[in-house]
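Note sheet for the following structure.
Taken together, the values in this text are just the output of simple stated rules run on the coordinates, not laboratory data. Given the structure is predicted, the values throughout are model-derived calculations rather than measurements. Don't worry about glycine lacking a Cβ; one is built from the backbone with ideal geometry, like all the others, and counts go over all protein chains shown.
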Amino acid sequence: MKPPVATLTESFTESVIREMTRLTLLHGGVNLSQGFPDFAAPEEVKEAAVAAIRADLNQYAITWGAKNLREAIAEKVGRYNKIAVHPEKNITVTCGSTEAMIATLMALINPGDEVIIFEPYYENYGPDTILAHAAPRFVKLHPPNWEFDENKLLRAFNNRTRAIIINTPNNPTGKVFSREELQFIAQLCEEWDVFAITDEIYEHILYDNTEHISIASLEGMAERTVTINAISKTYSLTGWRVGWAIAPEQQSSAIRKVHDFLTVGAAAPLQEAAAVALRLPESYYQNLAQTYLVKRNRLVEILENAGFRCYVPKGAYYIMTEIAELMKRHNQPNDDRFARWMVKEIGVASVPGSSFYMNPADGATQVRFCFCKKEETLVAAEEKLKALQVT
Ligand code: GLN
């Protein structure tokens, strides 16, 4: 008998983040699991998409991205991220940052290469490395401030290391990597001839005077960095699936080939609207960060009152929480059972902490909530979470 499916696919499970959204739809309740906003996207960006469709922009864009969008990306990245980008040479527009990440790994990795990943990590990076035939090597971020041990990182680098994945601001921890930390990583990348693959999708969602730094802007790093981003989080357009990878010319050309055979291209009319989004004025981004700051503080308050211990994030729109006491009080043996029980019995969805670790035991007393939600959604969660206090 031949195996019914590729064995590679058996080494990872279905995404728990996406599953929690499906469970909420099944049981009803408030979805604070998968990170997508439940409020409207900017009006002018929606209008631009409608206009593009009315203008019959219905056929394929250039496979690596519509010229107008690549120019808008290059302008914005030059200004905000301080990276010099050539729209014709360095950019590949993809179907969301998800495709940008997998296409980048497939374009850069050879079987047997190692990829360093900070843990806890966004769920996709695990399967992404496996699909790219690489061996992930995890380096822990330690709570409460999610710092890494420099010696451990140093020891993770070796001759097989091909890349290190950085995600700043970080999902799920809310950590924002400091200049010093990025400089330390950059030095190791140079020493070991390693690529930095950096997912910066939450770059505009920052709190408490933190600064977003792109590792590609550090000296000597532009030629060994792939910077990944998308319109999803900054403009609340997660369902449009428009993202991109910025890389040196040679790596861009490999990423473009992989991307072309994977998906051909992202939706043409939405690429035109994305260009409008990327040219929004500075005030838009200030407003976004301010809006999320209020939501962060609100959800921290709601969760603390309900008995969760919060790691207050410095960026992105998630809160990692400690639930050991709540688990005991409600007789739930681990994070996964607790999260499933909470959707069904309390009516609030979160993501089990174990989804962000290689070894599920490491996340067994944590769950993650997102706060990219309307005030009324947060109020509804607050009401439901009161039931956790009933002993
Ligand atoms: N980044 C989002 C999260 O962590 C989800 C993204 C997705 O599901 N594609 O919840």
**Request:** Label the stretch 154-312 by shape, choosing from rounded, prolate and oblate, from the square roots a ≥ b ≥ c of the eigenvalues of the Cα gyration tensor; if a/c is under 1.5 it is rounded, and otherwise prolate applies when a/b is larger than b/c, oblate when it is not.
**Result:** oblate
**Item:** Selected from Asp149, Asp113, Asp336 as most flexible by GNM, with the chain as the system and alpha-carbon contacts under 10 Å
**Value:** Asp149
**Prompt:** Which one of Ala268, Ala84, Ala277 has the biggest mean-square fluctuation once the chain is modelled by GNM with Cα springs under 10 Å?
**Reply:** Ala84
**Prompt:** What ranking of Val343, Val226, Val176, Val50 emerges when the number of other C-beta atoms within 10 Å of each C-beta is taken as an exposure proxy, fewest first?
**Reply:** Val50, Val343, Val176, Val226
**Message:** Between Thr63 and Glu150, what is the label-point separation in nm under the 7 Å Cα-to-beta-carbon projection?
**Reply:** 4.5
**Request:** Would you mind checking the radius of gyration and Dmax of the chain based on alpha-carbon positions, in Å?
**Result:** 20.6, 62
**Message:** I need the fraction of alpha carbon pairs in the stretch 19-164 separated by more than 26 Å, rounded to a whole percent.
**Reply:** 51
**Request:** Give the percent of DSSP beta bridges with both residues in the chain that are antiparallel, rounded to the nearest 5.
**Result:** 50
**Complete:** Residues whose built amide H sits under 5 Å from the amide H of Ala196, excluding neighbours closer than 5 in sequence, are Ile164, Thr225, Val226
**Asked** At 222 nm, what helix-only mean residue ellipticity would the chain give, in deg cm²/dmol to the nearest 500, using -39500 (n - 2.57) for each DSSP H run of four or more?
**Response** -12000 deg cm²/dmol
**Request:** List the DSSP H helices in the chain whose Cα atoms stretch 27 Å or more along the helix axis and whose mean Kyte-Doolittle hydropathy is at least -1.0.
**Result:** 282-305
**Message:** Report the Cα centroid-to-centroid distance between the stretch 195-268 and the stretch 350-388 in angstrom, as an integer.
**Reply:** 27
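Of Val348, Val16, Val5, how do they rank once you tally other Cβ atoms within 10 Å and put the fewest first? Display every interim value, and only then the final one.
Values: Val348 25, Val16 18, Val5 7.
Lowest to highest Cβ neighbour count: Val5, Val16, Val348.
Report the local net charge at Ala74: Lys and Arg +1, Asp and Glu -1, summed over other residues whose C-beta lies under 11 Å from its C-beta.
Numbers: positive: Lys67, Arg70, Lys76, Arg79, Lys89; negative: Glu71, Glu75, Glu88.
Result for the neighbourhood of Ala74: +2.
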**Request:** Select from Pro248, Pro269, Pro281 the residue whose mean-square fluctuation is largest in a Gaussian network model of the chain (Cα-Cα springs shorter than 10 Å).
**Result:** Pro281
**Request:** Sort Thr263, Thr92 so that the residue with the fewest other Cβ atoms within 10 Å of its own Cβ comes first and the one with the most comes last.
**Result:** Thr263, Thr92
